[in-house]
Amino acid sequence: MKEILKVSANLMALAARTAPKAGGKDFIALRVIEGEDLERLADAMLAYAKEKNNPGFERDGKNVRDSGALLLASLKDSAAVGLDCGACGEAECDLLTPKLHEGPEFAGPLCAWRLIDLGIAIGSAAKTAGILNVDNRIMYRPGVLARKLGLIEGEIVVAIPLSVTGKNIYFDR
């Protein structure tokens with residue numbers, strides 16, 4: 001099953017890569033992790049849960065440990081679309097990029113349209129997992145620690161862990 005999960009994760013990455021992006025510009029970074037990197041991520045999540053007294057990181061860390069593979073998706077060095085729409089909080093796109101700063105878990109502010117690109121990409125990846133009957137769940141918490149560990153670069157990171165068991169481990173937790 002491990003090899004099947006790896007193939008599934010790579011097909012999910014393919015779906016994320018080919019998902020539509022605003023203005024046809026792609027700032028999505030993708031990485032499939034398994035084995036030692038997956039264990040390292042789970043360990044870091046459990047430690048972070050204790051450090052921050054946040055049981056959500058512990059619960060999701062246990063899910064990551066019980067997963068066979070995980071797809072990471074991030075926005076990396078994303079440029080504003082150039083619409084001057086104000087959705088990011090700035091009146092003009094040119095005012096957005098110089099303000100990028102490190103927050104407690106992610107960097108920002110980011111162009112709202114690039115965040116939508118990331119959402120469409122991870123939605124396409126999760127859809128592909130569903131078509132393949134691979135249990136999955138889009139998660140923010142593993143993305144926090146994957147970024148801190150340097151498992152993927154980017155301003156914001158989202159994770160989709162994968163499992164193949166008799167019951168979906170990501171629900172009824």
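Six or more apart or on different chains, Cβ under 7 Å: which pairs go from a residue in the stretch 38-54 that's closer than 17 Å to LEU151 by Cα and free of Cβ contacts under 8 Å to residues at least 60 places away in the same chain to one that's of a type outside the set (Lys, Arg) and surrounded by fewer than 20 Cβ atoms within 10 Å (Cβ to Cβ)? Could you list them?
LEU46/GLU58
Select from the stretch 147-159 the residues that are assigned to a helix (DSSP H, G or I) and in contact with a Phe, Trp or Tyr (Cβ under 9 Å, 6 or more places away or on another chain) and write down the one among them that is surrounded by the most Cβ atoms within 10 Å (Cβ to Cβ).
First pass over the stretch 147-159, keeping only residues assigned to a helix (DSSP H, G or I): 147-149.
Next cut, in contact with a Phe, Trp or Tyr (Cβ under 9 Å, 6 or more places away or on another chain) only: 147-148.
Details: ARG147: 21, LYS148: 14.
Step by step, filter the stretch 147-159, then rank; the result is ARG147.
Checking the condition of a type in the set (A, V, I, L, M, F, W, C), over 30 Å from ILE169 (Cα atoms) and free of Cβ contacts under 8 Å to residues at least 12 places away in the same chain, which residue from LEU95, LEU110, LEU100, LEU83 passes?
Working: LEU110 fails: free of Cβ contacts under 8 Å to residues at least 12 places away in the same chain; LEU100 fails: free of Cβ contacts under 8 Å to residues at least 12 places away in the same chain; LEU83 fails: free of Cβ contacts under 8 Å to residues at least 12 places away in the same chain.
After applying the criteria, what remains is LEU95.
Go through (1) in contact with a Pro (Cβ under 9 Å, 6 or more places away or on another chain); (2) closer than 14 Å to ARG147 by Cβ one by one and return the number of the condition LYS99 breaks.
For LYS99, the failing item is (2).
I need a count of the residues in the stretch 84-117 that are modelled with pLDDT of 95 or more, in a helix (DSSP H, G or I) and either polar (S, T, N, Q) or touching a Leu at 6+ places or on another chain (Cβ under 9 Å) (or both).
4
Here is a yes/no grid of residues against (1) closer than 19 Å to ILE116 by Cα; (2) hydroxyl-bearing (Ser, Thr, Tyr):
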{"site": "GLU3", "(1), (2)": "no, no"}
{"site": "ARG17", "(1), (2)": "yes, no"}
{"site": "ILE28", "(1), (2)": "yes, no"}
{"site": "GLY35", "(1), (2)": "no, no"}
{"site": "TYR48", "(1), (2)": "no, yes"}
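Cβ-Cβ distance below 9 Å, separation of 6 or more or different chains: which pairs start in the stretch 146-158 with a residue that is free of Cβ contacts under 8 Å to residues at least 40 places away in the same chain and more than 13 Å from GLU102 (Cβ to Cβ) and end on one that is outside any helix (DSSP H, G or I) and acidic (Asp, Glu)?
Cβ pairs passing all conditions: none.
Tell me the residue from VAL64, VAL7 that is in contact (Cβ under 8 Å) with a residue 24 or more places away in the chain and either surrounded by fewer than 19 Cβ atoms within 10 Å (Cβ to Cβ) or touching a strand residue (DSSP E or B) at 6+ places or on another chain (Cβ under 6 Å) (or both), please.
None of the others qualify; the one that does is VAL64.
Taking GLY24 and the conditions (1) within 20 Å of the chain's Cα centre (by Cα); (2) closer than 22 Å to THR128 by Cα, which numbered condition does it fall short on, given that it satisfies the others?
(1)
Right, GLU58: among the acidic types (Asp, Glu), in a helix (DSSP H, G or I), free of Cβ contacts under 8 Å to residues at least 40 places away in the same chain and over 19 Å from ILE138 (Cα atoms) or not? Give the steps one after another, and end with the answer.
Values: among the acidic types (Asp, Glu): yes; in a helix (DSSP H, G or I): yes; free of Cβ contacts under 8 Å to residues at least 40 places away in the same chain: yes; over 19 Å from ILE138 (Cα atoms): no.
Considered against the rule, which asks whether it is among the acidic types (Asp, Glu), in a helix (DSSP H, G or I), free of Cβ contacts under 8 Å to residues at least 40 places away in the same chain and over 19 Å from ILE138 (Cα atoms), GLU58 comes out as no.
For the stretch 118-146, what are the residues that are touching a Phe, Trp or Tyr at 6+ places or on another chain (Cβ under 7 Å) and assigned to a helix (DSSP H, G or I)?
ARG141, LEU145
Select from the stretch 66-111 the residues that are under 16 Å from the mean Cα position of the chain (by Cα) and either more than 30 Å from GLY35 (Cα to Cα) or among the β-branched types (Val, Ile, Thr) (or both) and list them in ascending order.
GLY108, LEU110
The values are calculated or read from the model by the stated rules, or taken from the named source; none is laboratory data. As the structure is a prediction and not an experimental result, all values here were calculated from the model. All Cβ positions, even for glycine, are placed from backbone atoms using ideal geometry, and neighbour counts span all protein chains on display.
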